[in-house]
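The values are calculated or read from the model by the stated rules, or taken from the named source; none is laboratory data. Fair warning: this is a prediction, and the values are worked out from it, not measured in the lab. Backbone-built Cβ (ideal geometry, glycine too); neighbour counts: all protein chains shown.
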Amino acid sequence: MKVLVAGGAGFIGSHLIDALIDKGHEVICVDNYFIGSNKNIQHLFNNPKFSMYEEDLTDFEVLKGIFEKEKPEYVFHMAANSDIQKSALNPQIEYKNTYTTTFHLLECMRIYDIKKFFFCSTSAVYGDAHGEEMYENYAPLEPISYYGACKLGSESLIHAYSYMNHMHSLIFRFPNVIGPRLTHGVIFDFIKKLKKNPKELEILGDGLQTKPYLYVLDLINCIMENYEKVEEGVTIYNVGDHSSTSVTDIAKMVCEVMGLEDVAFHYTGGKAGWKGDVPVFMYNLDKIHSTGWKASMTSDEAVYKTIEAVLQK
């Protein structure tokens, strides 16, 4: 099968491409390297099953030309601005890279009669539920970040396009995804800060922010086990693990793996690390577990493995 992966040079997208090619699919990658990097996919440049378009998904005419030429059978939408703090300073980043890319991909699918779609959504669509367990049909959905809002808006577009055009769409809402090729986030930031000053570490918020962290290859395995099973309409899954890790515990783990002792932690204060941050959340995972998939790593195990991967870069 020929598939198109939008945002395929990114952290998650590049791992997905590896898995799709391993399964024998022909992959068309479209990425403008806004967050992604050619380092993530350069090992594929000579692979006959891989084609790369360094193009902006918000350029509709260019994207339409790619669809006209390649005629993919399945579209995986992995493109977005995943750096929530960055878009907090400039909301247009989310409108362009998260919402507009979704509309353009769906419109190309409508024009060229493509029926199969995967979208990587986020726990941020739920907003701050104050630790209440969140099911896929949890309501009301009240995102508190521009990122979450544009992801939720994208989900709405997917529902409409799927209904109007008989599409088979799969949406995964996942939490913090970590692992090899990570480029930002709390683990990345802590390592960077401690390399600069191994005696003290600034921690945003009160350090009690506690979330599930999902290892990227667990997420990819879940996608690969479910992307061909979707019925007409929209299917939504929460994807993650029941365990979680606090920001302070991540700081301790980073110090441990780096061999640092007596590091002074300095907290900026407040329950959230930044405006739009959800300090605590908890998923209900019954629906995805009913498919037979479960994460192979706990949140803590994923954090430890990611720290080691980032330090080896």
>> If I filter region 159-184 down to residues being closer than 24 Å to Tyr283 by Cβ and among the aromatic types (Phe, Trp, Tyr), which single residue comes out as surrounded by the fewest Cβ atoms within 10 Å (Cβ to Cβ)?
In response: Phe172
>> Against the conditions (1) in contact with a His (Cβ under 8 Å, 6 or more places away or on another chain); (2) surrounded by fewer than 21 Cβ atoms within 10 Å (Cβ to Cβ), where does Val216 fall short? Just the number, please.
In response: (2)
>> Being over 15 Å from His15 (Cα atoms), outside any loop (DSSP other than H, G, I, E, B) and of a type in the set (S, T, N, Q) is the filter here; which residues of region 39-64 pass it?
In response: Ser51
> So which residues in region 43-58 are free of Cβ contacts under 8 Å to residues at least 40 places away in the same chain and either in contact with a Gly (Cβ under 7 Å, 6 or more places away or on another chain) or over 20 Å from Lys2 (Cα atoms) (or both)?
Replying inline: Asp56
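Just need a number here: residues in region 112-163 that are assigned to a helix (DSSP H, G or I) and touching a residue at least 12 places away in the same chain (Cβ under 8 Å). Before the answer, list the steps.
Restricting attention to region 112-163, the residues satisfying the condition of being assigned to a helix (DSSP H, G or I) are 123-126, 146-163.
Next, only the ones that are touching a residue at least 12 places away in the same chain (Cβ under 8 Å) stay: 123-126, 146-155, 157-159, 161-163.
Of the residues in region 112-163, 20 are assigned to a helix (DSSP H, G or I) and touching a residue at least 12 places away in the same chain (Cβ under 8 Å).
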> Of the conditions (1) in contact with a strand residue (DSSP E or B) (Cβ under 7 Å, 6 or more places away or on another chain); (2) crowded, with 21+ Cβ neighbours inside 10 Å; (3) not assigned by TED's automatic domain parsing to the domain that holds Leu106, Asp206 fails just one. Which one is it?
Replying inline: (2)
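Under the condition of being hydroxyl-bearing (Ser, Thr, Tyr) and not in a helix (DSSP H, G or I), which residue from region 67-97 is farthest from Leu4 (Cα to Cα)?
We begin by selecting, within region 67-97, every residue hydroxyl-bearing (Ser, Thr, Tyr); these are 74, 82, 87, 95.
Applying the additional criterion that residues be not in a helix (DSSP H, G or I) yields 74, 82.
Numbers: Tyr74: 6, Ser82: 20 Å.
The selected residue is Ser82.
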>> With the structure loaded, tell me whether Val303 is touching a helix residue (DSSP H, G or I) at 6+ places or on another chain (Cβ under 8 Å), in contact (Cβ under 8 Å) with a residue 60 or more places away in the chain and under 22 Å from Asp189 (Cβ atoms) or whether it fails that test.
In response: yes
> Failed condition for Gly276, given (1) buried (at least 16 other Cβ atoms within 10 Å of the Cβ); (2) touching a Leu at 6+ places or on another chain (Cβ under 9 Å); (3) of a type outside the set (S, T, N, Q); (4) within 23 Å of Val177 (Cβ to Cβ), with all others met?
Replying inline: (2)
>> Tell me the residue from Asn38, Asn46 that is over 22 Å from the mean Cα position of the chain (by Cα) and more than 18 Å from Ser169 (Cα to Cα), please.
In response: Asn46
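Here are some residues: Gly13, Gly8. Which one is within 18 Å of Gly179 (Cβ to Cβ) and part of a helix (DSSP H, G or I)?
Gly13
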> Which of the following residues is in the same structural domain as Thr306 (by TED's automatic domain parsing), buried (at least 17 other Cβ atoms within 10 Å of the Cβ) and of a type in the set (Ser, Thr, Tyr): Thr248, Thr268?
Replying inline: Thr248
> Which one of these is modelled with pLDDT of 95 or more and either out of contact with any Asp or Glu (no Cβ under 8 Å at 6 or more places or on another chain) or of a type in the set (A, V, I, L, M) (or both): Ile84, Ile66?
Replying inline: Ile66
> Can you name the residue in region 110-151 that is surrounded by fewer than 20 Cβ atoms within 10 Å (Cβ to Cβ) and among the aromatic types (Phe, Trp, Tyr) and, of all such residues, is farthest from Thr210 (Cα to Cα)?
Replying inline: Tyr112
